Amino acid sequence: DPALIAGTLMLFGLLLGLADWKGRKTFEMKEMDWSPALWIGLAQALALVPGVSRSGVTITAALVLGFKREDAARFSFLLSFPIIAGAGALHLRHLEAAALTGPFWTAIAAAALSGAGAIWVLLRWVRTRSLAPFVVYRLALGILLFFY
């Protein structure tokens, strides 16, 4: 339902903005123990709702729990590795051996490198700047979907 997606895009965009603005940003990832890790991991399940970003909701949860922006983003990306690897393994077993050629592995490597580059850029960004552009993006996209 486009209205559900639009609503969750905007709601969780606003929650991200509020967490970024009001969060204490005092804890670092090295201070992470089981309790915040569990809450952030549980927040990740909200991404099952259309329009909720997995990385956005985990960053929001970490900010609410008082983590610094960069550490919240870093932990969010670390949480994505098992999910991506698991999804890849599930789909890989359905491919025929003929599909697993050089171009396939080249594409996998290119995707991994571009993803790592994007993560590097984002981590540098959040070290010194707010998450406001992401909030604006989610609000604008939500509004466009409502009118769509």
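The values are calculated or read from the model by the stated rules, or taken from the named source; none is laboratory data. What you see is a predicted model; the values in this text were computed from it and never measured. Only protein heavy atoms, including side chains, enter the accessible area calculation; ligands, DNA and RNA are left aside. Shrake-Rupley method; radii C 1.70, N 1.55, O 1.52, S 1.80 Å.
Between F27 and F67, K68, the built amide H atoms are under 5 Å apart, and every one of these is 5 or more places off in sequence or on another chain.
The base-10 log of I(q)/I(0) for the range 1-51, evaluated at q = 0.17 Å⁻¹, reads -0.68 [Debye formula, identical scatterers on Cα atoms, solvent excluded]. For the range 1-138, the alpha carbon convex hull comes to 131 Å³ per residue, rounded to a whole number. These residues, E31, E96, E70, go from largest to smallest accessible area, 1.4 Å probe, as E96, E31, E70. Accessible area per residue for the range 1-111 is 59 Å², calculated with a 1.4 Å probe on protein heavy atoms, without ligands, DNA or RNA.
Expressed as a whole percent, the accessible surface of the chain that belongs to carbon and sulfur atoms is 73, based on a 1.4 Å probe. For the chain, the relative contact order works out to 40 percent when only alpha carbon pairs closer than 8 Å and six or more residues apart are counted.
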